[in-house]
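Step one of this worksheet: look at the structure below.
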Amino acid sequence: MSGSDVAECIAALRAGWMSLDEVAERFRRRTWPPARRPVPTSHAEMAQQQDVEPDIPGSFDEVTAAYDRGDLTSHEYRVLSDAVAAAINAAALTDRDEGVGE
């Protein structure tokens with residue numbers, strides 16, 4: 001699923017072509033890129049991160065932007081947020097079990 005696929009799923013949800021459960025299931029099976037920079041470890045890093053970054057296509061930023069535009073209700077946003085969190089947590093467990101990052 002590409003960045004445009006995230007927007008397409010949200011558009012399909014709004015149009016009634018996909019159910020909330022269908023979109024959530026797609027989001028659960030998807031690999032999500034990191035949406036933000038790591039937590040700064042110094043004042044210099046913190047200052048560098050003061051500039052607002054553009055949304056990252058294909059990331060959770062697209063879901064949040066849709067909510068901010070009013071394209072998702074708070075209930076839909078919560079369900080999709082939970083689906084994204086489940087996908088991210090599953091990927092982290094898989095990475096851990098496979099020894100990625102060691």
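Just so it is clear, none of the values below were taken in a lab; they were calculated from the coordinates. Since we're looking at a predicted model, the values are computed, not measured. Because the Cβ atoms are built from the backbone with ideal geometry, glycine has one as well, and the counts that use them run over all protein chains shown.
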*Just subtract the alpha-carbon distance of Asp5 and Gln48 from 0.36 nm times their residue separation and send over the number in nm, one decimal.*
12.4 nm
*Near-label residues of the stretch 4-19 by backbone N, under 14 Å of a point 7 Å along Cα→Cβ of Ala65*: 4-11
